[in-house]
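Structure first, commentary second.
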Amino acid sequence: MTFQPLDEPIRSRRNHWVNQIATHAAMRPGHVAFRFKGVDTTWKQLHERSERFADALSRRGVGFGDRVLILALNYTEYIEAVMGINALGAIAVPVNFRLTPPEVAYIVADSGAKAIVTDTVLQPLAVGVAGQAAGLDTVVVINGKSGEGVLGYDDVLAEPGEPHAPLDIPEDTPSLIMYTSGTTGTPKGAVLTHANMNSQALTCIRALNVTSDSIGFCTSPLFHIAGLGSLTPAFLLGSETVLHPLGAFDATEFLDAVEAEQATTAFCVPAQWQLICEEPTVKQRKLALKGLSWGAAPASDSVLRAMADCFPDAFNVAVFGQTEMSPITCVLDGQDALRKLGSVGKVIPTIQARVVDDEMHDVAPGEIGEIVYRGPTLMQGYWNKPEATAEAFHGGWFHSGDLVRQDDEGFVYVVDRKKDMIISGGENIYCAEVENVLFAHPKIHEAAVVGRKHEKWGEVPVAVVALMPGVDELTLEDLEPFLNESLARYKHPKHLVIVPELPRNASGKVVKVELRDRYSA
């Protein structure tokens, strides 16, 4: 017996967040999907608005495989835009809004974006970059109005016109390109598929005990994989998420919102949890928090004990990973946090991991090696960078760049990073990128950047420089205007050390270990 399948059943059985939203729109249309600043968006509204945004992009020539940048703060419209882009089989490219114009321009050129979604705050940056980019002629502004060179987001949703043709989008279709800072001074775009994000959803559901009745509280910026990645369980299960506005973190405002919304799960970096636990009214609050999670930086035993004291009825987990893995690779349950202080937890059961030496031989428990991965959350590769992709996948495994040791129970401890990365306040800072900028300063002869431990931010960059002959003095204040031209402020060195020359080995390479020993404390 043979039959000809209909298109719609084939499309509907694809398991990705575009279809998941359509399912919830059909089955629970009036249920709240997202709440932002007290305004509810139901699953039906989310589906309809994202489809109308897809229609608007389609009428402007965006189609399967095209890239659309998103340069904006957190809004529900950000999520609608991602879903609308993906409904066309196009790829969303979230961009860190802290980047400078040259940094954003590089991502625009590298991705070959055909459009940018921005907001009124970042509109000048987006318009300036778009004006210099070939082939980028559509700028849509959230909360903005249509005018010279730009389109208002609500205006394009309201415009008449033909809807886009429904598409069958396989799960291995790229959904996102997430740019990570590059060790050579240029960022790399990790290509993440719908299947990657769906696997991430299962990881979060298991690790954080998310159910369809959960109310998530998202404080992470949506340009970060921790932001969009944390929303994947909601898309799969149809649960509710409160999207918190971005800005300077205020523990009282956080607790006010979590209490008012009766949120059940929340993720913060350890520095934020420390501020929350120090808030005078924290123990008097009527909170519904059942799950606390943290990551992006190590948590001290004092912070972990404070969290247990302030939230005795909530389970507490740490998550660890990287953008290329969508991102979670290891989870540390709260019951093990103090017993295994300093560990990032155990490898999640849905991926494979090994700790290997430079020849890809497994090292013994307790010995240091690089942790490498395989699994359904692994990216397709780096956009437009076949050599970097081949290097990252050398030997048939993804090389994380993290040097770790694993104990007899399987708990992983990060020892160092091959890629020389600093994590400051949850943001990745690659030393080579900062060094490349410092090298260009007319008063600097040579420079190296290392991380220094910081109580609030985890780590901050320290610049160790030798000055040009005849130059006697240089201060951080002198450097600021120069650095502002090329580097986001969170990448700026927070300390400057002047030395006669940098220590080098017999091959002429800077001995970073010696610099860390001297200046990281």
For residues that are in a strand (DSSP E or B), modelled with pLDDT of 95 or more and more than 13 Å from Leu57 (Cβ to Cβ), tally how many sit in the stretch 137-162. 4
Pairs only if they're at least six apart or on different chains, beta carbon under 8 angstrom, first in the stretch 102-113 and under 13 Å from Lys188 (Cβ atoms) and in contact (Cβ under 8 Å) with a residue 60 or more places away in the chain, second among the charged types (D, E, K, R) and surrounded by 21 or more Cβ atoms within 10 Å (Cβ to Cβ); list them, first residue then second. Ser111/Arg67
Do we find a residue being more than 18 Å from Ala90 (Cβ to Cβ), without any contact (Cβ under 8 Å) to a residue 60 or more places away in the chain and of a type in the set (Asp, Glu) anywhere in the stretch 119-135? yes
Residue set Val372, Val355; condition over 23 Å from Met178 (Cα atoms) and in a strand (DSSP E or B); output residue Val355
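Collect the residues in the stretch 88-105 that are on the phi < 0 side of the Ramachandran plot and touching a Phe, Trp or Tyr at 6+ places or on another chain (Cβ under 8 Å), keeping them in residue-number order.
Keep residues of the stretch 88-105 that are on the phi < 0 side of the Ramachandran plot, which gives 88, 90-105.
Answer for the stretch 88-105, where residues must be on the phi < 0 side of the Ramachandran plot and touching a Phe, Trp or Tyr at 6+ places or on another chain (Cβ under 8 Å): Leu88, Ala90, Val93, Pro94, Val95, Asn96, Phe97, Arg98.
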Please state which of the following conditions Lys456 fails to meet, knowing it meets all the rest: (1) over 30 Å from Ala337 (Cα atoms); (2) not in a strand (DSSP E or B). (1)
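Output the residue which, of all residues in the stretch 466-508 that are part of a loop (DSSP other than H, G, I, E, B) and of a type in the set (Ser, Thr, Tyr), is farthest from Ala440 (Cα to Cα). Show your work before the answer.
First pass over the stretch 466-508, keeping only residues part of a loop (DSSP other than H, G, I, E, B): 468-475, 485-488, 492-494, 499-503, 505-508.
Then keep just the ones that are of a type in the set (Ser, Thr, Tyr); that gives 475, 486, 507.
Working: Thr475: 16, Ser486: 11, Ser507: 23 Å.
Out of the qualifying residues, it is Ser507.
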Only one of these is within 30 Å of Arg11 (Cβ to Cβ) and either of a type in the set (Gly, Ala, Ser) or assigned by TED's automatic domain parsing to the domain that holds Ile79 (or both): Thr118, Thr138, Thr211, Thr203. Name it. Thr138
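Could you list, in sequence order, the residues of the stretch 152-166 that are aliphatic (A, V, I, L, M) and within 14 Å of Leu88 (Cα to Cα)?
Taking the stretch 152-166 as the starting set, the residues that turn out to be aliphatic (A, V, I, L, M) are 156-158, 165.
Once the filter is applied, which keeps residues that are aliphatic (A, V, I, L, M) and within 14 Å of Leu88 (Cα to Cα), the stretch 152-166 yields only Ala165.
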Tally of residues being of a type in the set (A, V, I, L, M, F, W, C) and crowded, with 24+ Cβ neighbours inside 10 Å across the stretch 180-200: 3
Across the stretch 224-264, what is the number of residues that are in contact with a Lys or Arg (Cβ under 7 Å, 6 or more places away or on another chain) and polar (S, T, N, Q)? 1
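Using the structure shown, decide if Glu485 is over 24 Å from Leu99 (Cβ atoms), acidic (Asp, Glu) and out of contact with any His (no Cβ under 9 Å at 6 or more places or on another chain). Steps first, answer last, please.
Working: over 24 Å from Leu99 (Cβ atoms): no; acidic (Asp, Glu): yes; out of contact with any His (no Cβ under 9 Å at 6 or more places or on another chain): yes.
Against the criterion (over 24 Å from Leu99 (Cβ atoms), acidic (Asp, Glu) and out of contact with any His (no Cβ under 9 Å at 6 or more places or on another chain)), Glu485 does not qualify.
Please specify each residue of the stretch 244-285 satisfying the condition of being of a type in the set (Gly, Ala, Ser) and over 18 Å from Asp313 (Cβ atoms).
Applying the first criterion (of a type in the set (Gly, Ala, Ser)) to the stretch 244-285 yields 247-248, 251, 257, 260, 263, 266, 271.
Within the stretch 244-285, Gly247, Ala248, Ala251, Ala257, Ala260, Ala271 qualify.
May I ask you to list the residues in the stretch 331-357 that are of a type in the set (Ser, Thr, Tyr) and surrounded by 19 or more Cβ atoms within 10 Å (Cβ to Cβ)? Steps first, please.
First, the residues of the stretch 331-357 that are of a type in the set (Ser, Thr, Tyr): 343, 350.
The one that is of a type in the set (Ser, Thr, Tyr) and surrounded by 19 or more Cβ atoms within 10 Å (Cβ to Cβ): Ser343.
So which residues in the stretch 40-54 are in a helix (DSSP H, G or I) and touching a helix residue (DSSP H, G or I) at 6+ places or on another chain (Cβ under 8 Å), if there are any at all? First the steps, then the outcome.
Quick first cut of the stretch 40-54, residues in a helix (DSSP H, G or I) only: 43-54.
Of everything in the stretch 40-54, those that are in a helix (DSSP H, G or I) and touching a helix residue (DSSP H, G or I) at 6+ places or on another chain (Cβ under 8 Å) turn out to be Trp43, Lys44, Leu46, His47, Glu48, Arg49, Ser50, Glu51, Arg52, Phe53, Ala54.
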Ala447 - would you say it is assigned to a strand (DSSP E or B), free of Cβ contacts under 8 Å to residues at least 60 places away in the same chain and over 27 Å from Gly227 (Cβ atoms)? yes
Is it true that some residue in the stretch 301-314 is buried (at least 20 other Cβ atoms within 10 Å of the Cβ), outside any helix (DSSP H, G or I) and within 22 Å of the chain's Cα centre (by Cα)? no
Which condition breaks for Ala432 when tested against (1) within 22 Å of the chain's Cα centre (by Cα); (2) crowded, with 22+ Cβ neighbours inside 10 Å? (2)
Among the numbered criteria (1) surrounded by 17 or more Cβ atoms within 10 Å (Cβ to Cβ); (2) modelled with pLDDT of 90 or more, which one does Phe482 miss? (1)
Filtered residues of the stretch 62-94 (kept if closer than 22 Å to Pro124 by Cβ and assigned to a loop (DSSP other than H, G, I, E, B)): Ala72, Leu73, Asn74, Tyr75
Boolean, Val127 is over 17 Å from Ala81 (Cα atoms), assigned to a helix (DSSP H, G or I) and not acidic (Asp, Glu): yes
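Per-residue answers, yes or no, for (1) of a type in the set (D, E, K, R); (2) under 22 Å from Gln200 (Cβ atoms); (3) touching a Phe, Trp or Tyr at 6+ places or on another chain (Cβ under 7 Å):
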position: Pro233; (1), (2), (3): no, yes, no
position: Thr252; (1), (2), (3): no, no, no
position: Leu255; (1), (2), (3): no, no, no
position: Val258; (1), (2), (3): no, no, yes
position: Thr264; (1), (2), (3): no, yes, no
position: Trp273; (1), (2), (3): no, no, yes
position: Glu278; (1), (2), (3): yes, no, no
position: Leu304; (1), (2), (3): no, no, no
From the options Ala87, Ala134, Ala92, Ala165, residue that is surrounded by 21 or more Cβ atoms within 10 Å (Cβ to Cβ) and either in contact with a strand residue (DSSP E or B) (Cβ under 9 Å, 6 or more places away or on another chain) or at pLDDT below 95 (or both): Ala92
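The values are calculated or read from the model by the stated rules, or taken from the named source; none is laboratory data. None of the values given here were measured: they were computed from a predicted structure. Note that each Cβ is placed from the backbone with ideal geometry, even for glycine, and that neighbours are counted across all protein chains shown.
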